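One structure is given below, encoded as structure tokens.
The values are calculated or read from the model by the stated rules, or taken from the named source; none is laboratory data. Not measured: the values here are computed from a predicted model. So basically every Cβ, Gly included, is an ideal-geometry build from the backbone, and we count neighbours across all protein chains shown. For the accessible areas, the whole protein counts, side chains as well, though only heavy atoms, and no ligand, DNA or RNA atoms are used. Shrake-Rupley method; radii C 1.70, N 1.55, O 1.52, S 1.80 Å.
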Amino acid sequence: MFCTLPGRQGRRRRSRHCVSDVIPRLLTYVMEANITHETAWYVQEDGSLDLPALLRAFQEFYREHNEAWLARFDFQEAGPHLMLMAFLQRIVNTGGTVSRQFAIGSGRTDIVVRWKKQTEIVELKVRRGEQTEAQGLAQLAAYLERLGLEKGYLFIFDRRKNVGWEEKIYARTAKYAEKRIQIFGA
């Protein structure tokens, strides 16, 4: 799928870049429209976005709604990512932006949230084994270093059927390569 974008000297050019934003937004529009959370719940007194509170709220939202919402997708691997995107879009788009697959150096971080003067990085992983968290921490720390940021967020989706929610849902802070990383599980 191509989008036609304005180019230099009035010429139009074709681009595939809009696909990374347009298609996920189309896939999640109905979800986003049905999320009842309000932006004001996550804005702090100084006007900054409380992203940790937003991610904690998403953990509970995901726990409650994941089966019904993920059943809508033929591509189960992308479903949790799209659910988080819809949740973030619903809250952040009133005063900021959510970018998906944002190029940083030689890699691509999953989500960049911009809110006023804040830039926040959220790396998403689907648990594949014991190494998932370590890989996510290393990847996120490298992105944070390239952007000159001191903190970021790692969100790990655990799709295992034999593990209960009390084990899947957690939040903790880790230090990795001198970066402060908040890790969320669902």
> Measuring from a point 7 Å past the Cα of VAL126 along Cα-to-C-beta, which residues in the stretch 132-164 have an amide N at less than 12 Å?
Replying inline: 157-160
>> Nothing charged except the Cβ atoms of Lys and Arg (+1) and of Asp and Glu (-1): what's the magnitude of the dipole of the stretch 123-186 about its Cα centre? Round to the nearest 20 debye.
In response: 160 debye
> Excluding ligands and nucleic acids, what accessible area in Å² is computed for GLU166 using a 1.4 Å probe, to the nearest 10?
Replying inline: 150 Å²
>> For THR119, THR94, give me the order by solvent-accessible area with a 1.4 Å probe, most accessible first, ignoring ligands, DNA and RNA.
In response: THR94, THR119
> In terms of Cα to Cα distance under 23 Å, which lysines are near enough to LYS161, apart from those fewer than 8 places away along the same chain?
Replying inline: LYS125
